[in-house]
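A short worksheet on the structure shown next.
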Amino acid sequence: MNAPEPARGRHLVRGGRRFASGGGIVARLFARAFAGVLDRVDAGLAHGSIVATLPDGSGRVLGGRRPGPLAEVELRSWRALVRLARSGSVGWYVAWDKDEWTSPDPVPLFDLFMRNRVALGRTARAGGVARAANRVLHAMRRNTPVGARRNVEAHYDLGNDFYAAWLDAGMSYSSAIWGKGDTLETAQTRKIAALLDRLDLKPGDSLLDIGSGWGAVAEAAAERGLDVAGITLSPAQKDYAVRRLKGRERFLLSDYRNMRGVFDGIASVEMVEAVGQEYWPAWLDAVGRLLKPGGRAAVQFILIADDIFESYAANADFIQTYVFPGGLLISVGRFRALAEARGFAWTDERRFGLDYAETLKAWRARFDAAVSEGRLPRGFDAHFVRLWRYYLMYCEGGFRGGGIDVAQVTLIKGGDDAAQDQRGARAARSDRRRAAGAVARANGTRAQGWR
């Protein structure tokens, strides 16, 4: 008799469910009082509108003052508003999974919340006990050397067969750059070419791919005659990349902090979001250590608007709780300052957030097709499928709303290693002083002992 198929992705589905406050008897008794949340949403919608059907069958239009997306939402239970008010985006997802609200297309709703992020303020962010609980959960997922590997495996080791069911044939799990008439495959090829062009490398030069994924960038670099090494923390990705390139290139299961050597160029595609603000300095120090003087690092990264970074970083949202444990989007102002303090020139930044929205839309269409055609690997239940679709829609709306974006940038290392090391040491001391000051302010004491 065959053993039952093990459940896959269950660890993500469980995510932060225990911290998504709002259900239970208290919510059932007092949920109507939370209808005031609708008033706050209405007041905060400076652009666009929501046509809402309420649990009692009545209708209400929120916003509509200026042009913008139109979202349709059916609230099937007042508890959905309780969850939103108490647990923000985490609670709003739980309400979706429990069928307490629905929409024919949630993307415009997520677009609206991001587009009106400043006016809406804390309306869609967790507060009180839920916020504290989410922060505790997120803190438990810090990207220490051990924690980083655990976090990466939680997402990327869902299975190569799972990702192959809906990514492009090249297995690129990052934003494409779209041109007229592009397929997903050609748009991903365009993105990789744009990244490698930034490095100005010639055949025989060495390239390190930090966060090498399933080997798409390494394969394209090898076709240019480059000597490529790739590092990842995902055993599944490493195995796939080794088979893909048939041993032509080196792939290591290694943390960036442990990598040694000197390379002519470095590429990194949407990996630095998995580092966490606490470790941005260490990541940049590693790039500086591994890159030759005058060398270039081509980095593609997802950023969040500086006007909401502080509140975003102080909480754990839906993505961090359910999809990317340990993740944190980049604040360009903060990250660039750290890079320049270490002697890097920040050059040729190009943003293309709407391309990411189109990439996510394409992924969702392919994912839906895989589900409907029975091509999704066995073991992923209906709860996981709902989670993954929600994740793709949530992200697409965020990029369309403009509060999150994606960019490529070239970091050029200064030509004097000794001077670079001195700048790095000064930057590290400055980072420590800032960290000490932040802790001291939080504790209401003076920072001492940091030199």
**Asked** Hey, can you rank 178-190, 100-112 by average C-beta count inside 10 Å, highest first?
**Response** 100-112, 178-190
**Asked** With every protein chain left in place, what is the accessible area per residue of the stretch 323-419 in square angstrom, probe 1.4 Å?
**Response** 36 Å²
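Could the peptides 207-216, 360-369 be put in order, highest first, of the mean number of other beta-carbon atoms found within 10 Å of their residues?
On the way: 207-216: 25.7, 360-369: 17.8.
Order by mean packing, descending: 207-216, 360-369.
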**Prompt:** For the stretch 355-394, what % of the accessible area comes from carbon and sulfur atoms, probe 1.4 Å?
**Reply:** 51 percent
**Complete:** Going residue by residue through the stretch 327-336, the Karplus relation 6.51 cos²θ - 1.76 cosθ + 1.60 with θ = phi - 60° gives ³J(HN,Hα) values, rounded to whole Hz and with x marking Gly or Pro, of x, 7, 5, 8, 8, 4, x, 6, 5, 5
**Request:** Just subtract the alpha-carbon distance of Leu354 and Leu252 from 0.36 nm times their residue separation and send over the number in nm, one decimal.
**Result:** 33.4 nm
**Request:** Would you please give the residues with an amide H less than 5 Å from that of Phe251, counting only those at least 5 places away or on a separate chain, with H modeled from the backbone geometry?
**Result:** Gly230
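Carbon and sulfur atoms: what percent of the 1.4 Å accessible area of the stretch 194-332 do they account for? Can you show the working numbers first?
On the way: 2350 of 4590 Å².
Reported share for carbon and sulfur atoms: 51 percent.
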**Contour excess over end-to-end distance, with Cα ends at Asp200 and Thr183 and 0.36 nm allotted per residue** = 3.4 nm
**Prompt:** Packing-wise, with mean Cβ within 10 Å as the measure, how do 40-48, 332-340, 88-96 rank, highest first?
**Reply:** 88-96, 40-48, 332-340
**Item:** Karplus 3J(HN,Hα) series, Hz, for the stretch 175-182 with 6.51 cos²θ - 1.76 cosθ + 1.60 (x for Gly, Pro)
**Value:** 5, 7, 10, 8, x, 4, x, 5
**Prompt:** Points 7 angstrom from Cα along the Cβ direction at Arg76 and Asp161: gap in nanometres?
**Reply:** 3.2 nm
**Prompt:** Separation of the stretch 267-319 and the stretch 205-219 by C-alpha centroid, Å?
**Reply:** 17 Å
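Once R0 is set to 30 Å, what does the formula 1/(1 + (r/R0)^6) return for the Cβ-Cβ distance between Arg65 and Asp381, expressed as a FRET efficiency to the nearest 0.05?
Details: r = 42 Å, r/R0 = 1.41.
Step by step, r from the Cβ atoms, then E = 0.10.
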**Per residue accessible area of the stretch 138-296, 1.4 Å probe, in Å²** = 39 Å²
**Prompt:** Using a cut-off of 16 Å between alpha-carbon atoms, which lysines can reach Lys292, once sequence neighbours fewer than 8 places away in the same chain are excluded?
**Reply:** Lys202, Lys413
**Item:** Where labels lie 7 Å past Cα in the beta-carbon direction, separation of Lys361 and Ala43 in nm
**Value:** 3.5 nm
**Prompt:** Sorted by accessible area with a 1.4 angstrom probe, largest first, how do Arg378, Arg389 fall?
**Reply:** Arg378, Arg389
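The values are calculated or read from the model by the stated rules, or taken from the named source; none is laboratory data. The structure presented is a predicted model; accordingly, all values stated were derived computationally and were not measured. Neighbour counts run over all protein chains shown; Cβ positions are idealised from the backbone, glycine included. Surface areas here come from the heavy atoms of the whole protein model, side chains and all, with no ligands, DNA or RNA. Shrake-Rupley method; radii C 1.70, N 1.55, O 1.52, S 1.80 Å.
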